[in-house]
1. Which one, Phe151, Tyr34, Ala245, is farthest towards the positive end of the dipole of the chain when Lys and Arg carry +1 and Asp and Glu -1 on their Cβ?
2. Report the FRET efficiency, 1/(1 + (r/R0)^6), for His261 and Val228, where r is their Cβ-Cβ distance and R0 is 30 Å, rounded to 0.05.
3. Suppose every K and R has +1 on its Cβ and every D and E has -1 on its Cβ; what is the size of the dipole of the range 2-218 about the Cα centre, in Debye to the nearest 20?
4. Using only DSSP helix segments of four residues or longer, with each worth -39500 (n - 2.57), what per-residue ellipticity at 222 nm results for the chain after dividing by its residue count and rounding to 500?
5. With r as the distance between the Cβ atoms of Leu251 and Val81 and R0 = 35 Å, compute the FRET efficiency 1/(1 + (r/R0)^6) and round to 0.05.
6. To the nearest 20 Debye, how big is the dipole of the range 168-222 about its Cα centre, given +1 on the beta carbon of each Lys and Arg and -1 on that of each Asp and Glu?
7. Arrange the peptides 266-275, 209-218 so that the one whose residues have, on average, the most other Cβ atoms within 10 Å appears first.
8. Tell me the label-point distance for the pair Ala114, Val139, using the 7 Å Cα-to-Cβ offset, in nm and rounded to one decimal.
Amino acid sequence: MLAAVLHQPFWVNACTRILIYALVAVSLDLIVGYGGMVSFGHAAYFAVGGYTVAVLAQNGVGTALIAWPLAVLMSAALAAVVGALSLRTSGIFFIMITLAFAQMVFYALIAVRAWGGNDGLPIDARGVLPGLDVRDPNVLYAVCLVLLVAFVVVSAQLVESRFGIVLRGARRSDRRLLALGFPTFRYKLVAFVIAGAGAGLAGALWAEYARFVSPDMASWSRSGEFLVMVILGGIGTLAGAVYGAAVLLGLESLLAGFTEHWMLPLGAILLAIVLFAKRGLYGWLAGTSDA
């Protein structure tokens, strides 16, 4: 917000990017940290949300009130299909199935030439939001901030509700919850769909921000990046996911300014954080890290 007041467009854009990625990280933490569902294909929903906005814009539908909800709906629908199949497994099998679906989306986006194929799809202009000019980077930043805060608040209420208690209980002992009469599969599937919807919303915001989408949005490396943000910030801490996104992207920008081999020092820094702050940045800042 200070960057917007001081009219610093670079920092406004950088912070907007952080907010969008933080939204994906929070949605992923909802299933990883509270449901114990380690998904390695979360980027698929991010890509579907982005491509939904881009394809609609390509066909003359530039109203955000239509494009953004539809992006969320499409991502949630994909998450429902993936979740219904992958949640019948667990552990490494669950991870591999989510990865396989994400790779299917990745190659499908490459195959569709009408959507730019491997070159991606540019967006001529940002969507129209009644009463707001999202073409202004400051306005888009504010919209992203409001949506992130809203999603964090809703997620926090969700994990503290009966739904969240059952979800956390299923992570510890699925059989015990089943014995008590709770349909844990349904609870996990609902959480999986909500997480997919959140990633889809972030994808829609990314499409508006970058005015460009590409199959890379669904790549396995992108899913890994989202997972690193969650681990870095602290698994099972919604605020930690925001910290993880901010620190990871901030370090990337900072180190890239010093060397083209920025991934080497970044890896060393991340390794140090994982070793000395086992509960992530959130636990370290709260003084509860297990060094």
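Laboratory data are not the source of any read-out in this text; all were calculated from the coordinates shown. All values derive from a computational prediction rather than experimental measurement. Quick reminder, even Gly has a Cβ in these numbers, built from the backbone with ideal geometry, and neighbours come from all protein chains shown.
1. Projecting each Cα onto the dipole axis, the largest value belongs to Tyr34.
2. 0.95
3. Dipole magnitude for the range 2-218 comes out near 840 debye.
4. Taken over the chain, the calculation gives -24000 deg cm²/dmol.
5. Approximately 0.50, to the nearest 0.05.
6. With Lys and Arg at +1 and Asp and Glu at -1, about 460 debye.
7. In descending order of packing, they fall as 209-218, 266-275.
8. Calculated label separation equals 3.1 nm.
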